[in-house]
Structure formats: structure tokens, C-alpha cells
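Student: Quick one: the structure is below, and I'll ask about it shortly.
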Amino acid sequence: MKTHVYKKLGILLSAILLLSGCKDEGTFDNNVYLVTPTLEIILNKPSVTTDERTLQIGIAKPEAEDIRADFTVDPSLVARYNKAHSEQAILLSEEYYSLTENSTVIAAGSVISNPVTVHFDKINTLDMETVYVLPVRVANTNLSVLESESITYYVVRGGALINVVADLEDNYLYTTAWKNATPLNGLTQFTLEALIRARNFDRMISTIMGIEGNFLIRLGDANFPPNQIQVATSAGNMPTADASTKGLDANQWVHIAVTFQGTAPRSIKVYVNGNLQSEASTTLTSRNLGTAGLNGFQIGRSYADDRFLAGEFAECRIWNVERTPEEIAANPYNVPVDSPGLVAYWKCDDGAGNIVKDHTANENHLISKSAIRWTPVSLPEKK
């Protein structure tokens, strides 16, 4: 925000200096204007409940006395905003915002005011399909106001649930030590989920997530279609090969969920895009997934580095419950981080660096073998 403020001040000062070269200083009008953005977009996403923005005013040259100004919400400006932006926005109700102060001051001898915070609350309870606008005007100053820089429009609109994903081609995620492995061990039932987009299936095995020789979700195997999901466990693999009906398409986002039930009737089930694709019985009773290192839990690797998935990952999760078909189908793009039973949640949306954050309270963050390629996306895709 400071960079924006100083950049804006610099532009206005340059213009003023140019004008002052043609005018006598005594005739120059020292106008009040907004130094913070005049249009701010706030995305309405299920995972975002609050937001904060800053309001500040400035003047071109210091004055000998304090310059005071009010910030006023002006509902009449909604129509102006809609006309200028070809929108059908409605006024944001008072229950969704508050200002720390309704006025601000540029102290004598200064050129910028103290900041006022605009706090937005319960954003995710607003209708995703509706555009809301909060017009705030600078008013009641003891100097004239530069009209073109006197109004800020805060616009709340539905945003993509996922904006960036991790490309793990020739890469993978793992940990050298779990911060809290306890919730991942001794699991008598669990659900593993991942949202993936594979560019191709040009290798015998492409790994999604899990532990080699323990419980692993992968694509392909020897004498098995390279684009079909296989669950490989210490008690055997499932399902049988069936490329004609169970093969995945390249360059398509696919939500994969695998459930395990270790009490009778013991079972493993595979879901693709919320639909049950395969199921089989198992002799396994429990699994430990909280194993670290290259022989432990990984995303995008198993046994060898060349078993990566040539594509992108998002929404990788571990639950300590067998999720129902309805729960799996309802939440491919996002779940609350405090959901009951959610013990690990790597959204893979960090956008920078080589650490992928675990959004649960367990904080079992993963690291990558090499630099992650972060890919901008907009999910779910509009049809």
C-alpha cells in the first residue's frame, strides 16, 4: 500500500510542478485528494471471511494548519458506478463493513493523513452471484477537494475458489520430519483427496500421493493403463485394468478421492469427480501415513524420481474418516480448514517459494525437491 501511495503522490507532484512553472504560487489551489486506490476489488470466496483496506488523503504541499476531512458512504454513487462499469451492483449493507474512524487529519506541515481502516466482515455469507459496492466519498474538508480523486469504490464480487496451483512435473513434495505426525498414524479409516490436471500419461507410473509399499494412489503400473487410477497397498492393488471406462483424460481437471475402511466390512473405494468408480475389499485394518523422508508420505513421487505426475496439483487432503459420497462430491475445490476429521490440507496455492503449507492446526508443511512452477488458474472453470 505504501508503494501505491508514494507512486501516486509522485505523479501528482510532477503534474503540480509542471503547472506551477506557468502559475504564480499564490494562485495555486492545494486540493485534497485520495492517495489510496479509487477502486478496490474484494473477492467473495468461501475461505475468506474478512478483509481490510486503507483510506488516506493527501495534499500537494504542506499547510500551516491541520487539514481535516470526513469519509462518507454515499449510496447515490452506486448508480454512477453501475453506469461507468456496466454493472448491476447493489449497495453493500452496513452489517458487512465498518470504519475505524469516520474522519482523518493531515497534520500541519505534512502532506498525507493518518490512515483509516475499512474492515469487511462475513464476506463469505454474501451471494456469490451478486456484485456489491461500497462508495466512500471525501467530504467536509477545510480545503477544496479534487473531484476526480475523491471517491473510492469497494466492490465485492464472487471470485474463483482456486487462483493458483502447483505444477509438479519432474518434482514432488515431501517432509524430512512431521511437526505433528500423531493425527496421521494408526488410522483405521481415512480419505485421501487430490485435484489434478495431467498433461500426459507418457510414463508407466505417475504418482499422486501416499507411501510406496504402504498405501499409494498412482496412475498406471506394469500391464496396467497409464491413465487409470490404481491404489497400491501392502495387501495388494486395486482395481483391475479397465482403460475403456476408467481412464482419465489429459489436460482436464479431475478430483480424485480414495476412502479406506479398516473395520468390517473392510473396503477401499475410488471416486472420480464425485462418482464411485471402483471398490474392493481389503485385509488391511489400519495405516500409518505420518512417515517422513523419501520412503515416507509424498505427493508426486513413489520409489523413484521419474514416477512424477506431468501436471498440476491442488486441494490435497487427508481425513481421519471415511467421507461419504455426498461429502466428496460437494467439496472438490475448497473445504473449511477446521472441518471435523481433516488432519492435513495442502491447498497447493502458496504461489511462491518451495514450501507448501498445511492449512490445518497440525502445520505439517511439505517441501519440494526443486523450484515449484506456480500456475495461475481460475477454478472452477466456467462452462
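The values are calculated or read from the model by the stated rules, or taken from the named source; none is laboratory data. Quick caveat, the model's predicted, so the values are computed rather than measured. When we count neighbours, we look across all protein chains shown, and the Cβ atoms used for this are built from the backbone with ideal geometry, even at glycine.
Student: Would you be able to tell me the number of residues in the stretch 38-58 that are farther than 13 Å from residue 138 by Cα and either touching a Lys or Arg at 6+ places or on another chain (Cβ under 8 Å) or not in a strand (DSSP E or B) (or both)?
Tutor: We begin by selecting, within the stretch 38-58, every residue farther than 13 Å from residue 138 by Cα; these are 39-54.
Restricting the remaining residues to those that are either touching a Lys or Arg at 6+ places or on another chain (Cβ under 8 Å) or not in a strand (DSSP E or B) (or both) gives 40-50.
Qualifying residue count for the region: 11.
Student: Can you go through 325, 332, 336 and tell me which one is within 24 Å of the chain's Cα centre (by Cα), surrounded by fewer than 15 Cβ atoms within 10 Å (Cβ to Cβ) and not small (Gly, Ala, Ser)? Before you say what the answer is, go through the steps one by one.
Tutor: Values: 325 fails: within 24 Å of the chain's Cα centre (by Cα); 332 fails: surrounded by fewer than 15 Cβ atoms within 10 Å (Cβ to Cβ).
Going through 325, 332, 336 in turn, the sole match is 336.
Student: While we're on this one: Please specify each residue of the stretch 221-263 satisfying the condition of being touching a residue at least 60 places away in the same chain (Cβ under 8 Å), among the hydroxyl-bearing types (Ser, Thr, Tyr) and assigned to a strand (DSSP E or B).
Tutor: The one that is touching a residue at least 60 places away in the same chain (Cβ under 8 Å), among the hydroxyl-bearing types (Ser, Thr, Tyr) and assigned to a strand (DSSP E or B): 259.
Student: Here is a further query. Filter the stretch 125-141 down to the residues that are surrounded by 13 or more Cβ atoms within 10 Å (Cβ to Cβ), under 20 Å from the mean Cα position of the chain (by Cα) and outside any loop (DSSP other than H, G, I, E, B) and list them by number.
Tutor: The answer is none; no residue qualifies.
Student: Can you find even one residue in the stretch 321-333 that is in a loop (DSSP other than H, G, I, E, B) and within 16 Å of residue 363 (Cα to Cα)? Outline the logic, then answer.
Tutor: Filtering the stretch 321-333 down to residues in a loop (DSSP other than H, G, I, E, B) leaves 321-324, 331-333.
The next check asks that each one be within 16 Å of residue 363 (Cα to Cα); those that pass are none.
No, the stretch 321-333 contains no residue that is in a loop (DSSP other than H, G, I, E, B) and within 16 Å of residue 363 (Cα to Cα).
Student: Which of the residues belonging to the stretch 94-124 are of a type outside the set (A, V, I, L, M, F, W, C), under 20 Å from residue 158 (Cβ atoms) and assigned to a strand (DSSP E or B)?
Tutor: Applying the first criterion (of a type outside the set (A, V, I, L, M, F, W, C)) to the stretch 94-124 yields 94-98, 100-104, 109-110, 113-115, 117, 119, 121-122, 124.
Narrowing further to those that are under 20 Å from residue 158 (Cβ atoms): 95-97, 121-122, 124.
97 - this is the single residue of the stretch 94-124 that is of a type outside the set (A, V, I, L, M, F, W, C), under 20 Å from residue 158 (Cβ atoms) and assigned to a strand (DSSP E or B).
Student: Additional query: Quickly run through the stretch 128-138 and pick out the residues that are out of contact with any Lys or Arg (no Cβ under 6 Å at 6 or more places or on another chain) and modelled with pLDDT of 95 or more.
Tutor: Matches in the stretch 128-138: 130, 132, 133, 134, 135, 136, 137, 138.
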